[in-house]
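Encoded as structure tokens, the structure appears first; notes follow it.
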2 protein chains.
Amino acid sequence: MSFVPFAERERPPKRPAIDRDRVVAAALALLGEVGLDGLTMRLLASRLGVKASSLYRHVEHKDELLILIADAIAAMAADVPTDMPWRERVIAQLREYHASLRRIRDAARVLAETPPAGRNRLKKIDALFGAVLASGCSPKAAADACYHLNNLVVSYAADQERAAAWTERAGISEADLAERKRAFTRMLSVDEFPNLAVMAEFAGSNDPDAVFWFGIDLLLDGLEAHVAAARGEPAVESRAPR
Amino acid sequence: MSFVPFAERERPPKRPAIDRDRVVAAALALLGEVGLDGLTMRLLASRLGVKASSLYRHVEHKDELLILIADAIAAMAADVPTDMPWRERVIAQLREYHASLRRIRDAARVLAETPPAGRNRLKKIDALFGAVLASGCSPKAAADACYHLNNLVVSYAADQERAAAWTERAGISEADLAERKRAFTRMLSVDEFPNLAVMAEFAGSNDPDAVFWFGIDLLLDGLEAHVAAARGEPAVESRAPR
DNA sequence: ACCTGAACACCGTTCAAGT
DNA sequence: ACCTGAACACCGTTCAAGT
């Protein structure tokens, strides 16, 4: 046959099928779909069109993957301007944080069960610390208050996520749940649990965010009292002994 | 052979090898030994001299077993007298609670990952609610404050337990850990994380209980401020908008 | 360098079968 | 009634082998 200028199709330079970033992105998406209990190395691999053993070329083990997912979640929270009174600044930051956790399923559980490594997570903590420090408290108090604020955001959301997982596992519908709760508290003998009935009536209102913000307000009010006391102004009341 | 009065050894009336209570007791003990991640139906069964499938005659599934363990843990916290000022009463209760969680490994994680069913757990919540209500706040505020106090106790301890599990899995000694932390924070660039270095210096002091009690104090100071505000007295400061 | 196949050492749970 | 044997349907992880 005579010459025909038929160029070899230049093969794409054999890009790897997957890389670390794609693994993390797919894992984050899969987490949102199936939740933490459904997030499996095997399932994740199949979503990437690959076998599970391949994942270990890009990630040391599942724990490392979870840390990377946690950092990706932290990256979803928007930055907050710093030119505000400290309390508004803290609250704005927490609102962003809280909202970003609600955006994908079981996000808070991943944060709760994973140590705070990763640049994005550290940046958020750094920003929160800065805002709390602006209250005028000592660095030590700011560090501790920061821990508790962060802990409240994460553990509150994680608690709700775990409750959702339990009711789902039990196959209870949302409507059923309320009825069951009422039946349960009615069952409690009044003399064994004198307070619980009235508590159940008030706890867990229709707006779950309200009790979250109530807790944040308690912490921040407490911090203000702490600052005032440290300044030598009359404390709200003397501390109870430990 | 002539007659010999050989009584048949009267067989013990075939008591079941295990019952529900023994399963729970063994599970609690095993939890303390091997931690939550090592608590396996198979291992538990072997401790009871029985096969794993036998456990399902006494317990519906592992989740139910965890609920029962959680209730047994709650039973370990001593009751607290009620004839004290409300704040001391709350603190005494939390101290008992906190101490009982530290008595057995991963106790807090079990509480955190398990819904609060069971008489013992409910009794503790009931008692705490009673103490908080004595502050003079509304039932709604008491219910919410109660949630956050309980949540702080459990999630703080669970956080420490998880951290211990991570460092153990990574095979890091206690001494190594401190060194690594220091090396890690030194690594952080100061302009990317302007606050973190100073924060790391103050966070997580030698006494981990101190930061726990700092958080409790914030919540209780906040509650006092809330009560004062509700009484129409001048609030500590106006609330920041949400 | 990257992915696959096959295996290892586990899980929780079910169920027919034994006593 | 209670326990066992054997299986089912999974896990995370490793590693020699392929390309």
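The numbers here are math on the coordinates, done by the rules we state, and not lab data. Remember, predicted model here, so these are calculated numbers, not experimental data. Here Cβ is always computed from backbone atoms with ideal geometry, including for glycine, and neighbour counts include all displayed protein chains.
Take each residue in B:125-132, count the other chain C-beta atoms within 10 Å of its C-beta, and the mean is 5. Distances, shortest first, from the label point of A:GLY171 to those at the same position in the other copies read 4.5 nm; the point lies 7 Å along Cα to C-beta.
Note on the stretch A:103-173 and the stretch B:99-174: Cα centroid distance 16 Å, given to the nearest whole angstrom.
Dipole magnitude for the protein assembly as shown: about 1780 debye, using +1 per Lys or Arg Cβ and -1 per Asp or Glu Cβ, origin at the Cα centre. The slack in the chain from A:ALA25 to A:LEU188, taken as 0.36 nm per residue of separation less the alpha-carbon distance, amounts to 54.0 nm.
Inter-copy label distances at A:PRO194, shortest first and taken from points set 7 Å along Cα to Cβ: 5.5 nm.
Converting phi to 3J(HN,Hα) with the Karplus coefficients 6.51, -1.76 and 1.60 and the offset θ = phi - 60°, the stretch B:219-226 yields 4, 6, 4, x, 5, 4, 4, 4 Hz in sequence order, with x at every glycine or proline. About the centre of its Cα atoms, the stretch B:43-189 shows a dipole size close to 260 debye [charges on the beta carbon of Lys, Arg (+1) and Asp, Glu (-1) only; nearest 20 debye].
Peptide A:135-144 is shielded by partner chain Cβ atoms: per residue, an average of 5 of them sit within 10 Å of its Cβ. When the C-alpha to C-alpha distance is required to be over 28 Å, the pairs from A:LYS124/B:LYS123; A:LYS62/B:LYS62; A:LYS123/B:LYS140; B:LYS62/B:LYS124; A:LYS124/B:LYS181 that qualify are A:LYS124/B:LYS123; A:LYS123/B:LYS140.
Between copies, the label points of B:ALA99, set 7 Å from Cα on the Cα→Cβ line, lie 4.5 nm apart, reported in increasing order to one decimal in nanometres.
Neighbouring Cβ atoms from other chains, within 10 Å of the Cβ of residues in B:209-219, number 6 on average.
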